[in-house]
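*Asks:* Provided herewith is a single structure, encoded as structure tokens, for subsequent inquiry.
The values are calculated or read from the model by the stated rules, or taken from the named source; none is laboratory data. As the structure is a prediction and not an experimental result, all values here were calculated from the model. Every residue, glycine among them, receives a Cβ derived from its backbone with ideal geometry; neighbour counts consider all protein chains shown.
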Amino acid sequence: MKFFCIGDDYTTHGFSLIGIESVVASTPKEAESALMEILSKQDYGIIIINEEIANWIRPHIDKIRMELSRPLIVEIPGPKGPAKLRKTLREFVQEAVGISVS
């Protein structure tokens, strides 16, 4: 199973240096196109995407997470750092399960 990265210049360059295929997305249309291209291939198991870029195509990201078991989509902070007001893992679990997790 292969990894793929969708991100800005810096992120994609870094992942390319360690052998992970990457594509730069400068617009929401480019991000959506890259995502659809990867989904059409069966050998990619993990997609790494910058949070900012993921926010551009959030409906697609959410649909993939809800309907498909693969690929796993991992959002990482971009060069500007983590997105503000991002839910924590604990908050996601609480929403999904409906109970408070301590």
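*Asks:* Mind checking which residues of the stretch 1-20 are over 14 Å from the mean Cα position of the chain (by Cα) and charged (D, E, K, R)?
*Replies:* Matches in the stretch 1-20: Lys2, Asp9.
*Asks:* Against the definition (at pLDDT 95 or above and either out of contact with any Leu (no Cβ under 7 Å at 6 or more places or on another chain) or aliphatic (A, V, I, L, M) (or both)), how does Glu52 come out, yes or no?
*Replies:* Answer is no for this residue.
*Asks:* Let me ask you something else. What's the total number of residues in the stretch 53-79 that are of a type in the set (D, E, K, R), surrounded by fewer than 18 Cβ atoms within 10 Å (Cβ to Cβ) and touching a residue at least 12 places away in the same chain (Cβ under 8 Å)?
*Replies:* Number satisfying all stated conditions: 1.
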